[in-house]
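What follows is a short report on a single structure.
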Amino acid sequence: MDPLLDELKRDKAHEMVYVKVERPEAAERGCRISDLPLTPSVVKRLEGMGIREVYRFQEEAVRALSKGENVVICAPTGMGKTEAFLLPILNEAVSEPFQGPVALLVYPTKALARDQLKRIEVLTSTFYGVRAAVYDGDTPKEERRRIFEYPPSILITNPDMIHVSLLSSLKFRELLSKVKFVVLDDAHVYTGVFGSHVAYVVRRLKKYLPGEVRFVASSATIGNPAQLLRQLVGEEGRVVVERRGRRGEVIHVMLKPLSRSKFVECMHLLRKCLDNGIKTIIFADSHASVEYLGRLAAKCGLKVGVHRAGLRADEREAVEERFRGGELNAVIATPTLELGIDIGDVDCVILSNIPPTYTRYVQRTGRCGRRGGRAYVFTLLGNDPISSYYERYPEEFFKREYDPVVMDLENREVAKVHLLAMAAEGTLRLASLSPFELSVVRELERSGYLVRRGGRLRATKDGFRRLSRSRGLRGIGEVVKIIDERGKVVGFREMPAALRELHPGAIYLHAGRVYVVKEYKFPVVRVRGLPPDVDLVTSPLYYTSPTEFERRLSRDVLGLPVEYGGLKLTEVVYGYVVKEFGRGAPVKEETLKEPLKYAFHTKGVKLTLPVREEWGEWGNAAAVHAIEHAMIIGSETLVGASPSDLGGVSFPSGHIFIYDAYQGGSGLSRALLDRMEEVFKRAFRILRNCSCADGCPRCIYSPYCGNNNRVLSRRKALRLLEEVLRGEVREVKGEPEGKPLA
């Protein structure tokens, strides 16, 4: 009995595929504040603020931290994870006022750190001598001086700032001498390459910390909490979990547009919500989608704010403030609003597509219904394979567990940065290095970045120069600089993604502007501005060739040989397709005058399928290429991979490589190796349940296909997978043969 849903049900332009009602469920109550191991003065102050009782998970975390244990806290958004680690920190800070940082609180972004400062100050302001401060790239010079001269009890920062400060600031290193707690909040973000970087930053940080430090990791959504703490800080800890805690009723709706595009459907839903006084966030996964939706909202006469990376910090903060204060009742955002920034009371979340991972679904939908009352989540299904899969198995979507946080601690590119940093800081010792790290050190020595002096390693001048080019932790690899017709730097993009996105003729969106690439001359790309109403996009035509494979692990999967290891790939972009932005309809296809090439190392899975001689080279190529697509699509639903996190290449000989799309590796393909049987089964379901003639966008087409979804056969792929799943495995070929298909 819901007026909004009743109105939407009567609309024949869309179909309600599935509705799930999430009922309010209180978290388990714990003890009274006075029963916690806190000093009487802290208890008295907290009771004076009206805090007289804690949840059970908060009690367990406080007691564990008070006993000196490391802790991972997993609890729903808005349930008080911050208070769970802040109470023992306050207890220590009150006993040692004005003695410097008792705790280092690390948040993944500057915006989140500054937002959390407001929340933390509500508690710290009531305790004499206890102060919290933010130390990041935006901290004014005068405030930095104050932090160093009169250190706060709680220092709030981010991993990037720690990385830079350990390298360049003796005063920062000195601040760490009294730290007793290190908190890694929103720890689910520390995945892939970023997670590998952060693990090394923590390792470097520990060299300056006193002996007895307690580590805390905190998040609403971690699928492997104990393993994550072990990878991030190299230590074990107690896992504290609370899954209940939804304050209000939330109605989750899977909606499939029938006679409207997904973008128009978003506007239709938004208008209905605003007409009913429902405060709404629309999430989209790309800058281009957000900009397009913003323009569409303006045409529809809807007042919205746009929030995404690429905008200045003050522009994003202005949107947050207007939304929080009620001046705006709708915001269209990329995942910039996915983390725990307080944006006030939100009644509805509209997802323009199924989020890349279930964790991100929970994070985004956690933005609404935090203050009680009924809230809505609308997820729009499209004609893509993931939407088609969950249209048929919606219950499976809501039964998923939180995605595991994966990282590759043997990413050579990441290791190079931090081993060089340790050498520059004077803390790199040969005796403390693993065999993998010793091999990286030897490579750095051969490159002239490191030199040995006794048992120590020192960075050379070239080593320091290389470090100066590696200040960011969000990625790795070589970077392309983008310059407009006036010579102004528009932005930067990392390889190998830059090769596919910035080839001559490519349409590139940045900070609300549309550009076309006029010249690619690595490491500089020159672009020209286009009118803002240009509704075209480009997709590259390319192929990928594996030139080296170094096996590290292998296993038998359904009678087939499957291997995991290091991989060298050469990517070649030879053309591109121009498409309409909204519908994706092709406008024209162009061939580049000169193909662009780039070689890089990563890690991946190699498997070999049996092929049919009677199908010939192109028949087998179509079957194996389709299976490669279906396996990558299935992998996204199993290991928490975003659509662009994994790449693939297949051969008519039956060989398939599925690899980490990041240089050095992200850890996703390693996780894939352990679940390969499930990947085969899910790929089979994707192929079997489609009713198309022989391949379509609902089963095997991919927007990332380098061959523009040519040479694909769903029927042949299905026959091949049926044989594999029945155990009818014939002899497979030894080495890849034929033309590679991406």
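The values are calculated or read from the model by the stated rules, or taken from the named source; none is laboratory data. All values reported here derive from a predicted model rather than from experimental measurement. Virtual Cβ from ideal backbone geometry, glycine too; neighbours counted across all protein chains shown.
Tabulated results
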item: Within region 294-332, tally of residues that are modelled with pLDDT of 90 or more and within 22 Å of the chain's Cα centre (by Cα); result: 2
item: Test set (1) buried (at least 21 other Cβ atoms within 10 Å of the Cβ); (2) modelled with pLDDT under 95 - residue 674 fails condition number; result: (1)
item: Filter result (of a type in the set (Lys, Arg) and closer than 22 Å to residue 479 by Cα) within region 569-599; result: 597
item: Hits in region 414-438 (condition: free of Cβ contacts under 8 Å to residues at least 40 places away in the same chain and not in a helix (DSSP H, G or I)); result: 426, 428, 429, 433, 434
item: Given (1) of a type in the set (S, T, N, Q); (2) buried (at least 16 other Cβ atoms within 10 Å of the Cβ); (3) in contact with a helix residue (DSSP H, G or I) (Cβ under 6 Å, 6 or more places away or on another chain); (4) modelled with pLDDT under 95, number of the condition residue 689 does not satisfy; result: (2)
item: Residue selected from region 186-203 under the condition hydroxyl-bearing (Ser, Thr, Tyr) and under 14 Å from the mean Cα position of the chain (by Cα), by the criterion surrounded by the most Cβ atoms within 10 Å (Cβ to Cβ); result: 196
item: Boolean, residue 641 is in a helix (DSSP H, G or I) and either surrounded by 24 or more Cβ atoms within 10 Å (Cβ to Cβ) or not assigned by TED's automatic domain parsing to the domain that holds residue 555 (or both); result: no
item: Residue in region 204-237 that is surrounded by the most Cβ atoms within 10 Å (Cβ to Cβ), counting only those that are among the charged types (D, E, K, R) and more than 17 Å from residue 175 (Cα to Cα); result: 230
item: Residue that is nearest to the chain's Cα centre (by Cα) [pool: residues in region 430-448 that are surrounded by 12 or more Cβ atoms within 10 Å (Cβ to Cβ) and charged (D, E, K, R)]; result: 437
item: Every residue from region 375-410 that is surrounded by fewer than 19 Cβ atoms within 10 Å (Cβ to Cβ) and of a type in the set (Ser, Thr, Tyr); result: 393
item: Qualifying strands (runs of 3 or more DSSP E) (wholly inside region 255-371; at least 2 residues being outside the structural domain of residue 77 (by TED's automatic domain parsing) and touching a residue at least 40 places away in the same chain (Cβ under 8 Å)); result: 280-283, 330-333, 348-351
item: 1 or more residues surrounded by 16 or more Cβ atoms within 10 Å (Cβ to Cβ) and assigned by TED's automatic domain parsing to the domain that holds residue 419: qualifying strands (runs of 3 or more DSSP E) within region 449-489; result: 450-453, 456-459
item: Residue match in region 340-354 (condition: modelled with pLDDT under 85, touching a strand residue (DSSP E or B) at 6+ places or on another chain (Cβ under 8 Å) and surrounded by fewer than 22 Cβ atoms within 10 Å (Cβ to Cβ)); result: yes
item: Meets criteria (surrounded by 22 or more Cβ atoms within 10 Å (Cβ to Cβ) and either under 22 Å from the mean Cα position of the chain (by Cα) or modelled with pLDDT under 95 (or both)) for residue 240; result: no
item: Test result for residue 323, over 23 Å from residue 221 (Cα atoms), buried (at least 20 other Cβ atoms within 10 Å of the Cβ) and not β-branched (Val, Ile, Thr); result: yes
item: Qualifying residues in region 1-28 (those that are among the charged types (D, E, K, R), touching an Asp or Glu at 6+ places or on another chain (Cβ under 8 Å) and in a loop (DSSP other than H, G, I, E, B)) - the one modelled with the lowest pLDDT; result: 23
item: Of all residues making up region 586-612, the number that are surrounded by fewer than 19 Cβ atoms within 10 Å (Cβ to Cβ) and within 18 Å of residue 711 (Cβ to Cβ); result: 4
item: Single residue of region 147-167 satisfying the filter (among the hydroxyl-bearing types (Ser, Thr, Tyr) and under 25 Å from the mean Cα position of the chain (by Cα)) that is surrounded by the fewest Cβ atoms within 10 Å (Cβ to Cβ); result: 165
item: Selection within region 46-73 - over 10 Å from residue 84 (Cβ atoms) and in contact with a helix residue (DSSP H, G or I) (Cβ under 7 Å, 6 or more places away or on another chain); result: 46, 47, 51, 52, 53, 66, 70, 72
item: Filter result (among the basic types (Lys, Arg) and either over 27 Å from the mean Cα position of the chain (by Cα) or surrounded by 17 or more Cβ atoms within 10 Å (Cβ to Cβ) (or both)) within region 535-558; result: 551, 555
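Residues are listed down the side, and each one gets a yes or a no for (1) closer than 19 Å to residue 333 by Cα; (2) not β-branched (Val, Ile, Thr):
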| residue | (1), (2) |
| --- | --- |
| 259 | no, yes |
| 264 | yes, no |
| 267 | yes, yes |
| 276 | no, yes |
| 281 | yes, no |
| 292 | yes, yes |
